[in-house]
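For reference, the structure is listed below as structure tokens.
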Amino acid sequence: MAVNIQYLKGVGPKRASRLRKLNINTVEDLMYFIPRDYDDRSKFKTLRECMIGEKVSLEVEIIGKANILRPRRNLSIIKVPVKDSSHNAYLVWFNQEYLKDKFIVGEKIIVNGKINKVGMEIQIMSPVFEKSGTMDKVGRITPIYSLTEGLTNNEIIKIIDYSIKEYIDQIREFLPQEIINKYDLMDIRGAITNVHFPMNSVLLEKARKRLSFQELLTLQMGLFIIKNRNFTNNKGIRFNKTIEINDFIQKLPFKLTNYSQIKVFKEIEADMENDIQMNRLVQGDVGSGKTIIAVLAMFKAISSGYQAVMMAPTEILASQHFESIRKFFSGYNIRTELLVGSLSPKAKEEILLDLKEGRIDILIGTHAVIQENVEFNRLGLAITDEQHRFGVKQRAILSQKGNNPDVIVMTATPIPRTLALILYGDLDVSIIDELPPGRKEIETYAVGPEMIERINNFIRKQILESRQAYIVCPLIEESETLTVNAAEELYKDFKDNIFKEFKVGLLHGKMKPKEKDLVMEEFKNHKIDILVSTTVIEVGVNVPNSNIMVIYNAERFGLAQLHQLRGRVGRGEHQSYCILINESNNQISRERMRVLQNSTDGFKISEKDLELRGPGEFFGTRQHGLPELKVANLFTDMDILKVAQKEAINIVNQDPNLELEKYRELKKKIQEMFSNLREYSTFN
């Protein structure tokens, strides 16, 4: 129903341009513009039942004329005496003298406002009011919408009310009746009406359940269909059973963790020995040992006569992988090469030729590995590290470098399993959820800004013992609006004053890639003692000698992000410390810091982060290249999400391409949801 919003009664060109800022272009967009909150004015009380500070609805009688007070210049107070069956009170407004003639003595009205008490006088502050029996503004649940400049909540209410009255019959049901019956769902027209203008909280809950269910089902269905089309239906490589792998594992300088690393590798091994293309996410906390899983999979691919490739988001991370992977394969006849943008044209040319002719077994690099001129002789395994830095499209390009190679994607961002199904719905998920033995726990402290001098003394003591420190700030340069420490300001202060006897470095996202790599290389080689940085180090190089992480304005970061940052230390033999400087006295902020102090389990931390801050701040679905959710909340609607996922699996198993008549409208909705995303442009 693509009726242009401009032509809806009461809108016009000017208001339409404001609505477009809220992504409302059509009447259907308007109907799916879900309230961000509600003001429940449906429950009535008597004055005697009210508490001070409570916002309530009351039926009162006007018992006297409006009185206007002017206590000072530019301030007028209008007071209207009222009563109900239990008490007398005053309706009170500020600077709204035009209201004085609106009230007739003896008339009954219904009001909604906050209760206040001045001396013995009960006051109802700035109430909304209307005649008894009307129930337009009072006596019902009122929607509260996200606004933009030039639009009021009342204007949006009027426009949506009119659009529902005029166009609701044109909204088509797209869920099959059997699904509606199976899950006791409200019909689509009832859901849209009641999510905006519910008569009671029960109907509102039923409307939200229906709209959340359809949104999560549509999203999950789309991802499952993409997975089936792009990957699982593809005939893959059946790799050999590799007996030598056990010998390789025995010779490793450490033992694999039984319940995680061995379990995850067995899942990968089973996939690789199957003739369906593997497409698997390996999700493991910081330092959980994902790289060795990639190494074992590479060994298996090469033992079967194939090549392997690994793509990392930065040159320095690619170089780190190259160094560590080459060490694992020393003593074996396996050639590993690094392909990054900074190589000389001659070196690149040699690598590309050797790769094409099969003389290179493993190629590790940045986006450079997906350039058109990169050709493999026999690519069997494609690995992407730090999956959230790459989109589905880039992963697909890497996969297309071979004839349906097996695909592994790795991430150190711990996301609860059910949410991982949404974010990575086109992948099978493996989780490494235990740390290798011998890793020292990072001591974590949350402190106020008054402790900064003591922290600096502690940093100085550690550096004199030849350790190194990371200092993280949320901003690059001073902001006029936010009083948070800026990396450039702090760097200058450290370099010129506080730590002038040490070598201080600066790293931030606005620097050129080569500059960033140079700074990280210097830090790694201990030419820098203290690195002041923004969050660009969240995914970064391994520096075992750095054992202090100080995070300024820790309240401005997500818990999962703080946990990722903390994971930059604790990689060597020395005891490591993470100090969170929290400048907020807010109770939630303090509770969040306590979570970090008391837990090192990234999955538990991410769940707590979702609970405390909600999914909008935990991760914007946009950054993962997924459609935006308008109704569903990935934390509070977890039960609905599980049901929707189960139903999506049922439907895809029954009708993988949604060719049955009963799924025709649902298929259109899925196409609509994914149509604006470049990464899913092949979805049709």
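The values are calculated or read from the model by the stated rules, or taken from the named source; none is laboratory data. From a predicted model like this one, the values you see are computed outputs, not experimental measurements. Note: ideal-geometry Cβ built from the backbone for every residue, glycine included; neighbour counts use all protein chains shown.
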Does any residue of the stretch 553-561 turn out to be assigned to a loop (DSSP other than H, G, I, E, B), without any contact (Cβ under 8 Å) to a residue 60 or more places away in the chain, assigned by TED's automatic domain parsing to the domain that holds F494 and not small (G, A, S)? no
Considering residues of the stretch 53-80 that are within 21 Å of I110 (Cβ to Cβ) and of a type in the set (V, I, T) only, the residue surrounded by the fewest Cβ atoms within 10 Å (Cβ to Cβ): I63
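Among the helices (runs of 4 or more DSSP H) lying completely within the stretch 242-337, list those that include at least 3 residues that are within 35 Å of the chain's Cα centre (by Cα).
Ranges flagged: 263-272, 290-303, 315-328.
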Candidate set from the stretch 20-64 (those that are over 36 Å from the mean Cα position of the chain (by Cα) and among the polar types (S, T, N, Q)); member that is nearest to D161 (Cα to Cα): S57
In the stretch 528-545, anything of a type in the set (G, A, S) and not in a loop (DSSP other than H, G, I, E, B) is listed as S533
Quick one: is I160 under 30 Å from E273 (Cβ atoms), surrounded by 17 or more Cβ atoms within 10 Å (Cβ to Cβ) and in contact with a Phe, Trp or Tyr (Cβ under 8 Å, 6 or more places away or on another chain)? no
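Listed here are the residues, each with its yes/no results for (1) in contact (Cβ under 8 Å) with a residue 60 or more places away in the chain; (2) outside the structural domain of Y32 (by TED's automatic domain parsing); (3) crowded, with 17+ Cβ neighbours inside 10 Å; (4) not acidic (D, E).
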| site | (1), (2), (3), (4) |
| --- | --- |
| F174 | yes, no, yes, yes |
| M186 | no, no, yes, yes |
| E205 | no, yes, no, no |
| Q220 | yes, yes, yes, yes |
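Every residue, every condition in (1) closer than 24 Å to F458 by Cα; (2) assigned to a helix (DSSP H, G or I); (3) in contact with a strand residue (DSSP E or B) (Cβ under 9 Å, 6 or more places away or on another chain); (4) assigned by TED's automatic domain parsing to the domain that holds T366, yes or no:
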{"site": "K495", "(1), (2), (3), (4)": "yes, yes, yes, no"}
{"site": "M511", "(1), (2), (3), (4)": "no, no, no, no"}
{"site": "L518", "(1), (2), (3), (4)": "no, yes, no, no"}
{"site": "E522", "(1), (2), (3), (4)": "yes, yes, yes, no"}
{"site": "H526", "(1), (2), (3), (4)": "yes, no, yes, no"}
What pairs come out if I take residues in the stretch 230-241 that are within 15 Å of Q400 (Cβ to Cβ) and pair them with residues that are at pLDDT below 70 whose C-beta lies under 7 Å away, six or more apart or interchain? N230/D426; F231/D426
Long-range neighbours under 9 Å by Cβ, at least six apart or interchain, first residue assigned by TED's automatic domain parsing to the domain that holds E61 within the stretch 85-102, second of a type in the set (K, R) and in a helix (DSSP H, G or I): S85/R48; S86/R48; H87/R48
Condition (residue is surrounded by fewer than 17 Cβ atoms within 10 Å (Cβ to Cβ), in a helix (DSSP H, G or I) and at pLDDT below 90) applied to the stretch 448-459: is it met by at least one residue? no
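Quick one: which of G190, G106 is part of a loop (DSSP other than H, G, I, E, B) and out of contact with any His (no Cβ under 7 Å at 6 or more places or on another chain)?
The unique qualifying residue is G106.
Every residue, every condition in (1) buried (at least 18 other Cβ atoms within 10 Å of the Cβ); (2) in contact with a Gly (Cβ under 6 Å, 6 or more places away or on another chain); (3) among the basic types (K, R), yes or no:
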residue	(1), (2), (3)
N274	no, no, no
L296	yes, no, no
E337	yes, no, no
S342	no, no, no
K346	no, no, yes
I351	yes, no, no
D361	yes, no, no
When you scan the stretch 81-94, how many residues do you find that are assigned to a loop (DSSP other than H, G, I, E, B) and either touching a Phe, Trp or Tyr at 6+ places or on another chain (Cβ under 8 Å) or within 16 Å of G106 (Cα to Cα) (or both)? 3
Looking at V82, is it farther than 30 Å from K165 by Cβ and either more than 34 Å from the chain's Cα centre (by Cα) or hydrophobic (A, V, I, L, M, F, W, C) (or both)? yes
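Kindly establish whether A347 is among the hydrophobic types (A, V, I, L, M, F, W, C) and under 24 Å from I432 (Cα atoms). First the steps, then the outcome.
Values: among the hydrophobic types (A, V, I, L, M, F, W, C): yes; under 24 Å from I432 (Cα atoms): no.
No, not satisfied.
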Within the stretch 460-479, can you find the residues that are of a type in the set (S, T, Y) and modelled with pLDDT under 90? S479
The stretch 7-52, residues that are in contact (Cβ under 8 Å) with a residue 60 or more places away in the chain, closer than 30 Å to G106 by Cβ and surrounded by 12 or more Cβ atoms within 10 Å (Cβ to Cβ): D39, D40, R41, S42, F44, L47, C50
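Please find, within the stretch 633-653, the residue that is modelled with the lowest pLDDT out of those that are part of a loop (DSSP other than H, G, I, E, B) and more than 18 Å from D184 (Cβ to Cβ). Quick ask: steps written out before the conclusion?
Applying the first criterion (part of a loop (DSSP other than H, G, I, E, B)) to the stretch 633-653 yields 633-637.
From what is left, the residues that are more than 18 Å from D184 (Cβ to Cβ) are 633-636.
Details: N633: 75, L634: 70, F635: 66, T636: 74.
It comes out as F635.
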Under 6 Å between Cβ atoms, at least 6 apart or on separate chains: pull out the pairs that start in the stretch 573-602 with a residue that is part of a helix (DSSP H, G or I) and end on any residue that is among the hydroxyl-bearing types (S, T, Y). L596/T444; Q597/T444
